[in-house]
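Heads up: the structure comes next, in structure tokens.
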Amino acid sequence: MGWLDALLGRSKPVKPNLDALFALPSAAVTLQAATGLVPTGLGSVAFRAAEGGAFATLERDVKALLGERVEESSDEYGYTWLLVRRSPDALGDLVTELHAVNSSLEGEGFGPSLLCSLVSFADDKGRRLAVVYLYKRGTFYPFGPLPGQRRDNALELQARGALEGELPLEQDLSRWFPVWGAPGL
């Protein structure tokens with residue numbers, strides 16, 4: 001960062017650390033102990049699809065790698081979502097596959113197209129929670145949806161308390177964007 005950037009209050013963007021995803025399995029144990037939420041075996045990656053043959057080939061290769069465990073969908077904002085399904089007790093494998101999708105996109109120069117990745121949790125009371133990784137910030141945050149596009153703020157804050165020290169959490173709560181209708185949530 002240069003002196004002019006410092007003078008104007010600008011900072012360099014945080015470099016994403018996709019390897020932070022590998023902390024999710026141990027964080028899930030802490031989350032379960034604190035909230036009773038367990039992994040559902042569902043996770044997804046959101047990105048803005050690019051035009052052109054190189055991107056189409058990469059997307060096809062990623063889907064071939066994951067086989068029947070992956071489903072593609074699009075949302076109303078123009079993002080493509082790849083939903084990955086695994087056994088709920090195979091969170092490590094799920095995280096590895098989400099990491100592979102992110103790394104493949106990043107490795108081919110499509111990193112700026114990545115929005116987020118999420119892993120879903122639920123309990124026997126019907127509560128749901130996603131632990132969302134913001135690619136451009138390199139941080140995680142909890143998102144607890146309720147019916148009617150409302151949020152379970154108490155659950156989100158409880159999860160934040162449990163995950164603190166386990167994952168690099170997004171400190172700016174205004175960046176805890178709702179991911180309504182995200183596949184797997």
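For Ala154, the conditions (1) over 14 Å from Gly181 (Cα atoms); (2) among the hydrophobic types (A, V, I, L, M, F, W, C); (3) within 11 Å of the chain's Cα centre (by Cα) are fulfilled apart from (3).
For region 36-75, the set of residues classified as in a helix (DSSP H, G or I) and on the phi > 0 side of the Ramachandran plot consists of Gly67 only.
Test Ala56 against the criterion of being hydrophobic (A, V, I, L, M, F, W, C) and open to solvent by 50 Å² or more (accessible area, probe 1.4 Å), and give yes or no. So Ala56 does not fit the description; no. Please determine, by comparing only the residues of region 135-161 that are over 17 Å from Leu31 (Cα atoms) and out of contact with any Lys or Arg (no Cβ under 7 Å at 6 or more places or on another chain), which one is least open to solvent (accessible area, probe 1.4 Å). Of everything passing the filter in region 135-161, Tyr135 is least open to solvent (accessible area, probe 1.4 Å).
When Glu68 is tested against (1) at pLDDT below 90; (2) open to solvent by less than 50 Å² (accessible area, probe 1.4 Å), only condition (2) is not met.
Scanning region 62-81 for residues that are of a type outside the set (D, E, K, R) and without any contact (Cβ under 8 Å) to a residue 60 or more places away in the chain turns up Val62, Ala64, Leu65, Leu66, Gly67, Val70, Ser74, Tyr77, Gly78, Tyr79, Thr80.
Entry remark, region 76-122: residues being closer than 22 Å to Trp176 by Cβ and loosely packed, with under 15 Cβ neighbours inside 10 Å number 4 in total.
Exactly one residue out of Pro142, Pro183 is under 25 Å from Ala64 (Cβ atoms) and touching a strand residue (DSSP E or B) at 6+ places or on another chain (Cβ under 9 Å): that is Pro183.
Taking Pro183, is it open to solvent by 30 Å² or more (accessible area, probe 1.4 Å), in contact (Cβ under 8 Å) with a residue 60 or more places away in the chain and closer than 20 Å to Leu24 by Cα? Against the criterion (open to solvent by 30 Å² or more (accessible area, probe 1.4 Å), in contact (Cβ under 8 Å) with a residue 60 or more places away in the chain and closer than 20 Å to Leu24 by Cα), Pro183 does not qualify.
The values are calculated or read from the model by the stated rules, or taken from the named source; none is laboratory data. Predicted, not measured: the structure shown is a model, and the values here were computed from it. A quick note on method: Cβ atoms are made from the backbone with ideal geometry, for glycine too, and the neighbour counts reach across all protein chains shown. Accessible surface areas use protein heavy atoms only, side chains included; no ligands, DNA or RNA. Shrake-Rupley method; radii C 1.70, N 1.55, O 1.52, S 1.80 Å.
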